[in-house]
Each structure stands twice: as structure tokens, then as C-alpha cells.
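Undergrad: The structure under discussion is supplied below as C-alpha cells; questions concerning it will follow.
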Amino acid sequence: MAAQISTGTSEIRDITKMERIGAHSHIRGLGLDDRLEPRASSQGMVGQGKARKAAGMIIRMVQQGRIAGRAILFAGPPSTGKTAIAMGMAQTLGSDVPFTSIAASEVFSLSMSKTEALTQAIRRSIGVRIKEETELIEGEVVEIQIDRSLTGATKTGKLTIKTTDMETVYDLGTKMIDALSKEKVLAGDVIAIDKTSGRVTKLGRSFARSRDYDAMGADTKFVQTPEGEVQRRKEVVHTVSLHEIDVINSRTQGFLALFAGDTGEIQPELRAQIDARVAEWREEAKAEIVPGVLFIDEVHMLDVECFSFLNRALESTLAPLVVMASNRGIARIRGTHTSAPHGLPADLLDRALIVSTRPYTADDIAEIVHIRCEEEDVRLSDDARDVLTSMAEQTTLRYALQLIACAQVLARQRRAEAVGVEDLRRAYGYFMDEKRSVQWLKEQQGNLMFEESLPDGAGAVVPEGDTMDST
Ligand SMILES: Nc1ncnc2c1ncn2[C@@H]1O[C@H](COP(=O)(O)OP(=O)(O)OP(=O)(O)O)[C@@H](O)[C@H]1O
Ligand SMILES: [Mg+2]
């Protein structure tokens, strides 16, 4: 079994690539300079300098492979940019280092156990960088000769290809002929053919043939005829995650499960085999482990069993860096009757480095509002921007950002180009923020179902402990 473990790289690439749109789509990085100092406003990031710098330091340690098996906790009041910073980290890491983002509540799925869900998330965050050698045919096309059978159903042919040193003739089958005609390969083109996959890449036209035609497209690229052998070996490197290897090799699922995301539980025996195999590859210097990042948002939603599982997982040899975010103050640990800081057990906190995020200043808020307007393609009049900024200070940043789109709908209705103060006022009237909603509930005095009395001066009803105080 172990001998057949496959990595199925080319398939995975296309499936797991996904675009992010939504609340954090304006974030394109952490906005740090080379010395990891935060720029005032860069890559969509504003303010929160200390936390951003800390995030940048973490990224640097991850890239140097020095911080696997540790935990970081971003703690702070709601809408102070914890999730935004994590998204910025994901973008800074680049595509070669795995970054997995889950919300803690995802772990409680019906189709698999909590520990299986966590294990999958952890293995998704560990990359295996695999080196493979492929055979490449590279040279200038001298001649392509195609013979069609009488019915046209089968084609055979010959491809003559040369380098500055030699010339070789290859026999072509139907598949290769199709591949060559799809790329519109002509005599005089410099091409590369991957021998294992049969993929044809056109590298450009040979300089020697540049005078053949007078009329050429502006994008025609001229290249030198390659030197040396026509056929050569080339090393390619790709990174897949342990989870992807698990799924591809699990007998019941196969790699199609990656499409559906419906991977089910994976047998521990299979994982053990894969780990052993990967260890072998490492010894043979065929593969390298790339510990990535697992981000668990709203981590206080995990329960005590998950926390102790995480503690153990952090200590295993194949562990990623675990980044967590929590907006809870002293709160009950789910699954117990005990309260603890951030809703996390003391032993997990002890393993974590804690980074705090703070409420934004008026200037920062104004800048974030500005960036979001550009992102959503909304024009705000100057006084509307001031009003929105002060709304954000009095309510929350997130509420204010959500009003932008609502106000734009209203502005369009009255056929105005830019969103004005009156649109914001009306949107503010239609949609309540949390504080006004609490006020409204108090005024209703028992007209709603299942009411308990609200704690004085409290925000929303948070049964498992308060959110962190924002003052
Ligand atoms: N420093 C920042 N620069 C730019 N945009 C930001 C910044 N901080 C937050 N935002 C934006 O403000 C909104 C709220 O921030 P975010 O969702 O990150 O808060 P949070 O700390 O995760 O809150 P919660 O605890 O409620 O999950 C998001 O749309 C986010 O992109
Ligand atoms: Mg968040």
C-alpha cells in the first residue's frame, strides 16, 4: 500500500485555488516595510501597528521554519482587526506555505468527530515540498509532417527538432499532434515538451527565422535556439499538504472528494503510512516538510476536549503554527463550569504568545472607511465621511462599514452620484446597531418571547461570558 502513495499534484492545484471576496477583500498584506515596521496605511491595512508588527515577526519565523508547534493568540474587542490581520498574514506568506483558516464552530460538524475535523485542519496546514525530475524535450522545430489516414480518424506524423548541437526526429501519435496544433506550433518555433504529461509549451520563435515573414504580431517573442541535448532532465518542485495526500490515497474517497470538500473521516492507519512514507522521502532528500499556519477564528467556541487535543497536537513532530483569535474577556470555557481569560484553558494559554488588538483612533477609522469605500466603489461626500467616522466611533467599526453599501442603495434611488449625509441618516434609521437594539428591547418590556432581564449597560446577550470591554 505504502508504495502506491501518490501526490496527485496537478489535479490539486486547480481545485483548491479560490478567490476571497467580502469583508476583508481590501486587505492585501500586512503593510510592513523590510524592517517589519508598520506603514501608516499600506496594502489596505491601517493602524494597529504593534499587532501588525508582531504578525510580521511571526511570518518571518514561519518562513525560516523556526516556529512550528507553537501557538499565537490575537485577543481584543470585536472589530479591532483580528481576523483582518490573519488574512493579511495569509497573503504575506505566499502560495508555497500552507495557510488554513477555520472558524472554531466548523469543528462541530455532523459528519465527523471534533478531533477528526481538527486533525484535518492541522494536516491541511503542513506542506510537503516534493522534488520530482521530469524529462523535457526542448528545441527549435525544423519540420512537422502529418499523415492522415483515409478516413481522417487517425493521424501519425514526425517531428524534427534541433538544438545548436544536434537534430532528432520523433514519431508523433494522435494526441501529440493535437497538442501541437492546439498550440499552433510551426517550423521555426522553439518549444518544450514535458515527456511525462505530454504538455507542449511554446517558448517563442527562433531568432534565426525572424526574417521569414514581414508581418508578425506585436507579441511575437524571439528566443535563441537552445544549446546542448534535445532531451534533458529537469527538476520541478511543488508543494502539497499532508491532508491532500491523505484524501487522494484514502480508498473510499479518492481525489474527487477534494472537489466536494466531503472527505469524511480518514483512517488513522492510512495517516500513519503516509507519515512514514513522507519521512522516507525526507531521508532520501526527495521531499521537505513546510510547516504552515492554522488560523482558528473565534477560538473560544472550541470546547475543553478540543483544547486538550490541540495541546497534544502542538507537541507532535508534524505540527503547524497555530494562530487563534478571541474577543472574549473572562469567559466560561465551553464544556466546563470554569471561567478563564479569553475563554481558553490556562494550559493552552501558557503555550501561547498573546498579541492584543486595541480599539482604533478616529483617524484610523476615517482611513479604513476611505479604503472600504474605494474597495466597494462607493463615493462619499466629505461631510458624509465625517459623519460615518463619528458613527463608527459611537457604534462599532463593522456597523459603520456595513452602512456604506446600504447608503449607496439609497443614494442610487435618488439618483445621486455620491453618498451624502442624508443617505447615511436614512440607512442609520433602517438598520439598528447593537446598542440601539438593546435599547429597543428594553422598551419592548417583555413583549418578546423567552426574555430574561438584560444585565445593566451590557451589549448583546452573550450566554457564555461577555465579550471584551471596548473601553
Ligand atoms: N487595521 C485595519 N485596516 C483595515 N481594515 C481593517 C483593520 N482592522 C479591521 N479592519 C476591517 O474592519 C472590519 C472588522 O474587523 P475584523 O473582522 O478583523 O474584526 P475582529 O477583530 O476579527 O472582530 P471579531 O472579534 O468580532 O471577530 C473588517 O471588515 C476588517 O477588514
Ligand atoms: Mg473576527
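Undergrad: What residues qualify as long-range amide H neighbours of Glu143, i.e. H under 5 Å apart, gap of 5 or more or another chain, H built at 1.01 Å from N?
TA: Residues meeting the criterion, in which the H sits 1.01 Å from N, are Thr160.
Undergrad: Looking only at Cα atoms, what is the convex hull volume of the stretch 362-431 per residue, in Å³?
TA: Numbers: hull volume 4.9 nm³, N = 70.
Output value, Cα hull per residue: 70 Å³.
Undergrad: Something else about it: Determine, for Thr239, Thr336, the number of other Cβ atoms within 10 Å of each Cβ, and report the residues in order from fewest to most.
TA: Numbers: Thr239 20, Thr336 12.
If I rank by nearby Cβ atoms, fewest first, I get Thr336, Thr239.
Undergrad: Would you compute, from DSSP H runs of 4+ residues alone, the mean residue ellipticity of the chain at 222 nm, taking -39500 (n - 2.57) per run and dividing by the full residue count, rounded to the nearest 500? Can you show the working numbers first?
TA: On the way: 15 runs with 166 residues, N = 471.
So the calculated ellipticity at 222 nm is -10500 deg cm²/dmol.
Undergrad: Between Glu305 and Thr361, what is the FRET efficiency for a Förster distance of 41 Å, r being their Cβ-Cβ separation, to the nearest 0.05? Numbers along the way, then the final one.
TA: Details: r = 41 Å, r/R0 = 0.99.
Working from the Cβ atoms, E equals 0.50.
Undergrad: Let me ask you something else. Skipping prolines and chain starts, which residues have an amide H placed within reach, meaning under 5 Å, of the one on Val223, given they are 5 or more residues away or on another chain?
TA: Hits under the 5 Å cutoff: Arg205, Ser206, Phe207.
Undergrad: Largest first and in whole Å, give the semi-axes of the stretch 100-141's equivalent ellipsoid, each being the square root of 5 times a Cα gyration tensor eigenvalue. Could the numbers behind the result be given before it?
TA: Numbers: eigenvalues 341, 23, 18 Å².
Sorted largest first and rounded, they come to 41, 11, 9 Å.
Undergrad: Right, another one. Cut-off is 10 Å between beta-carbons; in what order do Arg415, Arg124, Arg385, Arg233 appear when sorted fewest neighbours first? Could you put the intermediate results ahead of the total?
TA: Values: Arg415 6, Arg124 23, Arg385 17, Arg233 10.
Ascending Cβ contact count within 10 Å gives the list Arg415, Arg233, Arg385, Arg124.
Undergrad: Can you put Asp147, Asp377 in order of Cβ neighbours within 10 angstrom, beginning with the fewest? Mind showing how you got there, number by number?
TA: On the way: Asp147 11, Asp377 7.
Sorted ascending by nearby Cβ count, the order is Asp377, Asp147.
Undergrad: Continuing with the same structure: Just to confirm the filter: which GluC sites (Glu not before Pro) across the stretch 139-187 are DSSP coil and have at most 16 other Cβ within 10 angstrom of their Cβ? Mind dumping the intermediate values first?
TA: Values: sites: Glu140, Glu143, Glu167, Glu183; in loops: Glu183.
Taking the stretch 139-187 and a limit of 16 other Cβ atoms within 10 Å, the loop GluC sites (Glu not before Pro) found are Glu183.
Undergrad: Using square roots of five times the C-alpha gyration tensor eigenvalues, list the equivalent-ellipsoid semi-axes of the stretch 92-188 in whole Å, biggest first. Write down the numbers at each step before the final one.
TA: Numbers: eigenvalues 505, 80, 25 Å².
So the three semi-axes of the stretch 92-188 are 50, 20, 11 Å.
Undergrad: Let me ask something additional. Give a residue-ordered list of calculated ³J(HN,Hα) values for the stretch 159-172 (Karplus: 6.51 cos²θ - 1.76 cosθ + 1.60, θ = phi - 60°; whole Hz; x for Gly, Pro).
TA: Listing the rounded values in order: 10, 9, 9, 9, 10, 5, 9, 8, 9, 9, 10, 10, 7, 10 Hz.
Undergrad: Hey, another quick one. Taking the dipole about the Cα centre of the chain, with the C-beta of Lys and Arg at +1 and of Asp and Glu at -1, give me whichever of Gly47, Ile126, Ser79 is farthest to the positive side.
TA: Of Gly47, Ile126, Ser79, it is Ile126.
Undergrad: On to the next question. Restricting to DSSP loop positions (anything but H, G, I, E, B) with no more than 11 other Cβ atoms inside 10 Å of their own Cβ, which chymotrypsin sites (Phe, Trp or Tyr not before Pro) remain in the stretch 171-241?
TA: Numbers: sites: Phe207, Tyr213, Phe222; in loops: Tyr213.
Loop-located and lightly packed - Tyr213.
Just so you know, all these numbers are worked out from the coordinates, no wet-lab data involved. Quick caveat, the model's predicted, so the values are computed rather than measured. Neighbour counts run over all protein chains shown; Cβ positions are idealised from the backbone, glycine included.
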